[in-house]
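Participant: Below you will find the structure I want to go over with you.
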Amino acid sequence: MTWRIILEVSFFAAVLTALAVPLGLYMAKVFEGERTLLSPLLRPIEGAIYRLAGVNPYAEMSWTRYLGFLLLFNFWGLLVGYLLLRWQNHLPLNPLHLPGVPGALAFNTIVSFVTNTNWQAYSGETTMSYFSQMFVLAVQNFLSAATGLAGAVALARAFARKEKKTLGNVWVDLTRSVLYILLPISVVVALVLVSQGVVQTFHPPVKAVTLEGREQTIPLGPVASQEVIKLLGTNGGGFFNANSAHPFENPNPFTNFVEAMLIIILPAALCFTFGRMIRNMRQGWVIYGVMMFLFLVGAFACCWFEAQGNPLFSRLGFSSGPNLEGKEWRFGAIDSALFAAVTTAVSCGAVDSLHDSFTPLGGLVPLANMLTGEVIFGGIGSGLYGMIAYALLTVFLAGLMVGRSPEFLGKKIEKREVKLSLAVVLVPAFLVLFLSALAVILPAGREGITAAGPHGLSQVLYAFASTANNNGSAFGGLKADLPFYLWTTALAMLLGRFLPLAAVLALAGSLVEKKTIPPSPGTFPTTGWLFAVLLVGVIVIVGALTFFPGLALGPILEQLLLSRGRLF
Amino acid sequence: MLKDWGRCLLFFLVLTVLTGLIYPLLVTGLAQLAFPHKANGSLETKDGKVIGSYLIGQEFTSPYYFHGRPSASDYDAMDSGGPNYAPSSRSLAEEVEKRYHALTKENPGLTRQQTPLDLITTSASGLDPHISPEAALIQVPRIARARSVPEEALVKLVKKYTRPRWLGIYGEPRVNVLELNLALDRYFGSPTAGVNRNQVQVHRP
């Protein structure tokens, strides 16, 4: 069992690295406007987009202008998406004649997709028309990912440029993200998934009469096209309620591997995009190494705990084996746990198993992954800029220890940069703690908890860890469609997304104006082991100090009681 | 300023048409051309009527067929999902007991230690089309009795339809329940579907 875990996880990590390096370099070329293999095909389309929208692709933008347009772009996504969901009953491609989505749910849903969270308080089969799925939700899967990429690229330019005022052109960054990166991968991999059984059709659901003569209605839809971008864009919102556990979304262990790879590939590749853009590949590798280390620790732990299984079963006299409750047999416990570690290290949130039914310590891993602020690869773009915020804090702390003014990549890190980095790290943490506390204090919040005992606290903590960090996976037992949770999670998603994004662009704006100091013998090198170890330390300490009490009263207590046979 | 708002909206709409319309239409077109059977749900038909999808588990309760895993929605494909039991919940323990008792009723003599865990746990989708080979094998005596066929023939069939792990490490060895049951009918004749399944006759070829 242990050997299988080691094999599965390390082969996955090896394939990831082999793919991430060339892809990251390709992405850097795309964002620097260099010619790529796809340019002959895509250049004309790119030009057409700028002409149609009437935007100027040559104008360089200051950080305020870049941020302003990014927010405006997301605002329109929010507004138009909300209205389309409300009115889906008047729109085409609604074979089940589903009614308009109710107000609070529509708001929660569109916030969830615009913020790259894809927390789902609804069941896809019976709430969303085909039109809403592809024209509202899938669109935001692309555009929220592009927003994240733009933020990361702007920050990379801030380090690469010296004494400049501008960060690039937001129209160009968004368009190229979609056109050169997200769309080509999506088209190709969608067809791979279809070849394995993922459905892609506009037919209405099919009525079947089973072998034993029962009626079964089989839902269909344009699933593959949406599945790919849901994963690639680190979104996570499933076409069906069961998400990537649904056989039509994820039919076999091969697709499960491909889908896990899709989730993590762009956040991983971005490390190398960053390295190439700042002309310091070593720095890219160090960031990648730190992320990979933290990911591997979580992945091994999660697989191991799930393979050990739930002591409840042996206590009832059954054989002790892997924890299969809430898991698909074709994946088994280990692949499901690996997927869970991937989807929460990355802020994706697609699930191929029920995290709520994981063993307490197995379920602790996804929770802890999210509570780091989604920087272990993290969301597309947001993971990298979150990690860089941590890196700035690390050089700041190291500077305090030796009494030198801190630098990162030749840029002096001063009061303003430290404050903004702290905002990036602490805003989601504050939202998690404050809203979880609110939920367990108020009757309206407690009403949504379905598990008794310490697991109830885990459900709440998981919900806000997931939404404030824009992950979107859930301990599904929580009644997420209660008004209290619809509004509080929407708030957590909005603030957890756009406050850090704004802080990052402000940070970029202040860094880009600084001159680059050549490294001196006194400079703390950020491409070595010492820095990597310190960075891991800072992430673990910030995460642990902030959340240890919550984790102790939730999953850790539950594990202790469960191993003594206590049930709730 | 107002011009910026309008331009931004227009830009958003252009990208919406590209990713929300052109992209899914392109993928649908290519998928329907290249993999029509898979793209339309891997459906199996019998006498022109759809009897189900290979990928979507269906409920089996008669003694003539292999049964799938417990499902939170009794294999209602419009209601995918699982029960989300906490690992420490009393309801999980009670459910597991219930599932075990239902199993021993159908397959007398099955001890707790022999019970494959996938048969006493619910899947995440409620539509799991697979079971483990072990879960199929413990059902062999029941089916052999119901259909009056030798057990060895059924064991052979289970082995034939067992799919290995991907690359030898990913996933679990598994049998597709619908596929296996269709094979049963093909080799040993189909019990005529009737209202009262207890009186159904097995027609042997």
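The values are calculated or read from the model by the stated rules, or taken from the named source; none is laboratory data. Bear in mind the structure is a predicted one, so any value in this text is a computation, not a measurement. Methodologically, a virtual Cβ is constructed for each residue, glycine included, from the backbone with ideal geometry; neighbour enumeration extends over all protein chains shown.
Participant: When the stretch B:2-17 is examined, which residues are found to be facing chain A (nearest Cβ under 7 Å) and surrounded by 14 or more Cβ atoms within 10 Å (Cβ to Cβ)?
Facilitator: Of everything in the stretch B:2-17, those that are facing chain A (nearest Cβ under 7 Å) and surrounded by 14 or more Cβ atoms within 10 Å (Cβ to Cβ) turn out to be B:Arg7, B:Cys8, B:Leu9, B:Leu10, B:Phe11, B:Phe12, B:Val14, B:Leu15, B:Thr16.
Participant: Could you say whether any residue in the stretch A:377-384 is closer than 19 Å to A:Ile541 by Cα, among the polar types (S, T, N, Q) and crowded, with 22+ Cβ neighbours inside 10 Å?
Facilitator: The answer is no, given that none of the residues of the stretch A:377-384 is closer than 19 Å to A:Ile541 by Cα, among the polar types (S, T, N, Q) and crowded, with 22+ Cβ neighbours inside 10 Å.
Participant: Scan the stretch B:158-166 and tell me whether some residue there is within 7 Å of chain A (Cβ to nearest Cβ) and over 21 Å from A:Ala337 (Cβ atoms).
Facilitator: Scanning the stretch B:158-166, I find no residue that is within 7 Å of chain A (Cβ to nearest Cβ) and over 21 Å from A:Ala337 (Cβ atoms), so the answer is no.
Participant: Filter the stretch A:146-178 for residues that are touching a strand residue (DSSP E or B) at 6+ places or on another chain (Cβ under 7 Å) and charged (D, E, K, R) and give the result.
Facilitator: A:Lys165
Participant: Go through the stretch A:413-471 and give me each residue that's within 14 Å of another protein chain (Cβ to nearest Cβ) and farther than 23 Å from A:Ile376 by Cβ. Even if it seems obvious, please write down each step before you answer.
Facilitator: Let us first name the residues in the stretch A:413-471 that are within 14 Å of another protein chain (Cβ to nearest Cβ), namely A:448-463.
Once the filter is applied, which keeps residues that are within 14 Å of another protein chain (Cβ to nearest Cβ) and farther than 23 Å from A:Ile376 by Cβ, the stretch A:413-471 yields A:Gly448, A:Ile449, A:Thr450, A:Ala451, A:Ala452, A:Gly453, A:Pro454, A:His455, A:Gly456, A:Leu457.
Participant: Could you please give the count of residues in the stretch A:51-70 that are crowded, with 16+ Cβ neighbours inside 10 Å and either more than 29 Å from A:Ala503 (Cβ to Cβ) or aliphatic (A, V, I, L, M) (or both)?
Facilitator: So the answer is 5.
Participant: From the residues in the stretch B:38-55 that are in contact with a helix residue (DSSP H, G or I) (Cβ under 7 Å, 6 or more places away or on another chain) and at the interface with chain A (Cβ under 7 Å from one of its Cβ atoms), which one is nearest to A:Gln200 (Cα to Cα)?
Facilitator: Among them, the one singled out is B:Ala39.
Participant: Tell me, please, whether a residue that is within 20 Å of A:Gly373 (Cα to Cα), not in a helix (DSSP H, G or I) and not acidic (Asp, Glu) can be found in the stretch A:454-470. Please lay out each step first, then the result.
Facilitator: Within the stretch A:454-470, the first condition is being within 20 Å of A:Gly373 (Cα to Cα), and the residues that meet it are A:457-470.
Imposing the further condition that a residue be not in a helix (DSSP H, G or I) reduces the set to A:469-470.
Those still in the list that are not acidic (Asp, Glu) too: A:469-470.
Yes, that holds for at least one residue.
Participant: Something else about it: Assigned to a loop (DSSP other than H, G, I, E, B), within 11 Å of chain B (Cβ to nearest Cβ), buried (at least 23 other Cβ atoms within 10 Å of the Cβ) and of a type outside the set (A, V, I, L, M, F, W, C): is that true of A:Glu325 in this structure?
Facilitator: Numbers: assigned to a loop (DSSP other than H, G, I, E, B): yes; within 11 Å of chain B (Cβ to nearest Cβ): yes; buried (at least 23 other Cβ atoms within 10 Å of the Cβ): yes; of a type outside the set (A, V, I, L, M, F, W, C): yes.
Yes, satisfied.
Participant: So B:Glu134 passes all but one of these: (1) more than 18 Å from B:Thr61 (Cα to Cα); (2) in contact (Cβ under 8 Å) with a residue 24 or more places away in the chain; (3) charged (D, E, K, R). Which condition number does it fail?
Facilitator: Exception for B:Glu134: condition (2).
Participant: Next up: From the list B:Glu59, B:Glu44, which residue is surrounded by fewer than 22 Cβ atoms within 10 Å (Cβ to Cβ) and either among the polar types (S, T, N, Q) or closer than 24 Å to A:Thr126 by Cβ (or both)? Even if it seems obvious, please write down each step before you answer.
Facilitator: On the way: B:Glu44 fails: either among the polar types (S, T, N, Q) or closer than 24 Å to A:Thr126 by Cβ (or both).
Only one candidate qualifies: B:Glu59.
Participant: Can you name the condition, by its number, that A:Thr450 falls short on among (1) surrounded by fewer than 24 Cβ atoms within 10 Å (Cβ to Cβ); (2) among the polar types (S, T, N, Q); (3) at pLDDT 95 or above?
Facilitator: Only one criterion in (1) surrounded by fewer than 24 Cβ atoms within 10 Å (Cβ to Cβ); (2) among the polar types (S, T, N, Q); (3) at pLDDT 95 or above is unmet by A:Thr450, namely (3).
Participant: Going through the stretch A:334-382 one residue at a time, which ones are more than 9 Å from the chain's Cα centre (by Cα) and β-branched (Val, Ile, Thr)?
Facilitator: A:Ile334, A:Val342, A:Val351, A:Thr359, A:Val365, A:Thr372, A:Val375, A:Ile376 - these are the residues of the stretch A:334-382 that are more than 9 Å from the chain's Cα centre (by Cα) and β-branched (Val, Ile, Thr).
Participant: Select from the stretch A:15-40 the residues that are loosely packed, with under 13 Cβ neighbours inside 10 Å and aliphatic (A, V, I, L, M) and write down the one among them that is nearest to A:Pro267 (Cα to Cα).
Facilitator: Across the stretch A:15-40, the extreme among qualifying residues is A:Ala18.
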